[in-house]
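Everything below concerns the one structure shown next.
The values are calculated or read from the model by the stated rules, or taken from the named source; none is laboratory data. Remember, predicted model here, so these are calculated numbers, not experimental data. In this analysis, Cβ positions are derived from the backbone assuming ideal geometry, glycine residues included, and neighbour counts consider all displayed protein chains.
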Amino acid sequence: MRIASDADDFAKFQRFLEDSPGCHFAQSPLWARVKAGWKYELVLSEGESGEIAGGAGALIRKLPVFGNIIYCPRGPVCGDDSRVLEDITSGLKELMGRYRAFAVIAEPDVLESDMEFRAGAQALGWRFGKVRDARDTIQPRSVFRVDLSGKTEEEVMAAFHKKLRYNIRLAQRRGVEVAEGGREDIEAFAGLMEVTARRDGFTARGREYYYRLWDALAPEHLTLLLARAQGELLAGGLFVHMGGKTWYLYGASGDEHRNLMPCHLMQWEAIRRAIQRRDRLYDLRGFLEITDETDPRGGLYRFKRQFGGDLVRLVCPMYLTDTPLKYALFQKSVRMYRAAEHYRASMRK
């Protein structure tokens, strides 16, 4: 185990990540460039000949009252090798001491059903939190994923719900066109995000965030798609592609002409591009722990379910701490803060 020391280490880990079945963009050193206000450290586990066997991209930030915290989004990346997980855990504990952090929080891209991983992590000192709702996680714990491995466009579309296929063709008949945008279109996309946030009751990110995202990942790993009809911008989406996977990162739509189904056609175009890249997975990401269409917030669930993917439940967030009481107080404060943010956003609708 060692802590990465230079840009060459970051580049090697990026190559390892892109070749790994456990690749997730949030573990990429490129993603760290998006996270303003966070320091980035990289823990590496290496084999006997020096090749990278796993790693954890760690974001460090000082919080008011509590002090430094370390966060591993969708990491560590260690496969099913317990030695690699032990290596990475040692490195994260070293970072805890170096930064005097009160906790390490990790949200690995590991299935909830993987009890072997859970047992191995607990043996190394990791604890698993309880998840009551989305306020107990940072990344969404429930995601829809569409398997694209070796499939044609016709085969993928055949698995869609018939209503989705109808809406895609409806958008095409009514003149909706989806095209790739550039950095010059970020301003318009950010404006659509603000419209969507007001309509759906959440807080939109500032424009500078989307510019950082573009500058860090585009064009190799990020695509902006824009849906228009008769020149009017109706919807837009940002899609990350890395390591044979595509993630639907952000989507937005205007209040007008929603009956033209621009979001349906935009998603299909993103999937088509993923198939053309020979990606093996299309990840629609999460929806605030919605797992049931009877939930009053289940509109997003119903939309994503139509794409014929699998509803995947990931393991609970896990954490390391030497001060469990302090960590419990931190969790409680986060829940209170998120509840207040949700209330303020809903009042702006």
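What to note about this one:
- Qualifying residues in segment 183-215 (those that are in contact with a strand residue (DSSP E or B) (Cβ under 8 Å, 6 or more places away or on another chain) and farther than 22 Å from Leu300 by Cα) - the one surrounded by the fewest Cβ atoms within 10 Å (Cβ to Cβ): Ala188
- Hey, Gly97 crowded, with 20+ Cβ neighbours inside 10 Å and either assigned to a helix (DSSP H, G or I) or at pLDDT below 95 (or both) or not: no
- Condition met for Arg83 (among the basic types (Lys, Arg) and under 10 Å from Pro317 (Cα atoms)): no
- Annotation: of all residues in segment 228-240 being out of contact with any strand residue (DSSP E or B) (no Cβ under 7 Å at 6 or more places or on another chain) and either in a strand (DSSP E or B) or touching a residue at least 24 places away in the same chain (Cβ under 8 Å) (or both), the one that is surrounded by the fewest Cβ atoms within 10 Å (Cβ to Cβ) is Gln230.
- Qualifying positions in segment 94-113 - closer than 27 Å to Arg335 by Cα and among the acidic types (Asp, Glu): Glu107, Asp109, Glu112
- Of the residues making up segment 278-290, those that are under 23 Å from Met157 (Cα atoms) and either touching a helix residue (DSSP H, G or I) at 6+ places or on another chain (Cβ under 6 Å) or modelled with pLDDT under 85 (or both) are Tyr282, Leu284, Gly286, Phe287.
- Subset of segment 37-56 that is at pLDDT below 95 and small (Gly, Ala, Ser) - its residue that is farthest from the chain's Cα centre (by Cα): Ser49
- Across segment 118-145, the qualifying residues are those that are free of Cβ contacts under 8 Å to residues at least 12 places away in the same chain and part of a helix (DSSP H, G or I), and the one among them that is surrounded by the fewest Cβ atoms within 10 Å (Cβ to Cβ) is Ala119.
- Selection within segment 146-173 - in contact with a Lys or Arg (Cβ under 9 Å, 6 or more places away or on another chain) and either closer than 12 Å to Ile271 by Cβ or not in a helix (DSSP H, G or I) (or both): Asp147, Leu148, Ser149, Gly150, Glu153, Val156, Met157, Ala159, His161
- Single match in Lys332, Lys326 (criterion: more than 23 Å from the chain's Cα centre (by Cα), at pLDDT 95 or above, assigned to a helix (DSSP H, G or I) and surrounded by fewer than 20 Cβ atoms within 10 Å (Cβ to Cβ)): Lys326
- Those strands (runs of 3 or more DSSP E) lying entirely in segment 33-87 with at least 1 residues among the acidic types (Asp, Glu) and touching a residue at least 40 places away in the same chain (Cβ under 8 Å): 39-46
- Among the residues listed as Tyr71, Tyr40, the single one being aromatic (Phe, Trp, Tyr) and crowded, with 17+ Cβ neighbours inside 10 Å: Tyr71
- Looking across segment 103-117, the residues that are outside any loop (DSSP other than H, G, I, E, B) and over 16 Å from the mean Cα position of the chain (by Cα) come down to Ala103, Val104, Met115, Glu116, Phe117.
- In segment 1-32, the residues that are touching a residue at least 24 places away in the same chain (Cβ under 8 Å), more than 10 Å from Gly57 (Cα to Cα), assigned to a helix (DSSP H, G or I) and not basic (Lys, Arg): Asp9, Phe16, Leu17, Glu18, Asp19, Phe25, Leu30
- Annotation note: of Arg228, Arg174, Arg198, the sole residue that is basic (Lys, Arg), in the same structural domain as Arg273 (by TED's automatic domain parsing) and modelled with pLDDT under 95 is Arg198.
- Residues located in segment 1-22, provided they are surrounded by 17 or more Cβ atoms within 10 Å (Cβ to Cβ), charged (D, E, K, R) and either more than 16 Å from Ile88 (Cα to Cα) or in contact with a helix residue (DSSP H, G or I) (Cβ under 8 Å, 6 or more places away or on another chain) (or both): Lys12
- For first residues located in segment 311-337 and under 17 Å from Met96 (Cβ atoms), partners that are in a helix (DSSP H, G or I) and of a type in the set (S, T, N, Q) and lie 6+ apart or on another chain with Cβ distances below 8 Å form the pairs Leu320/Thr89.
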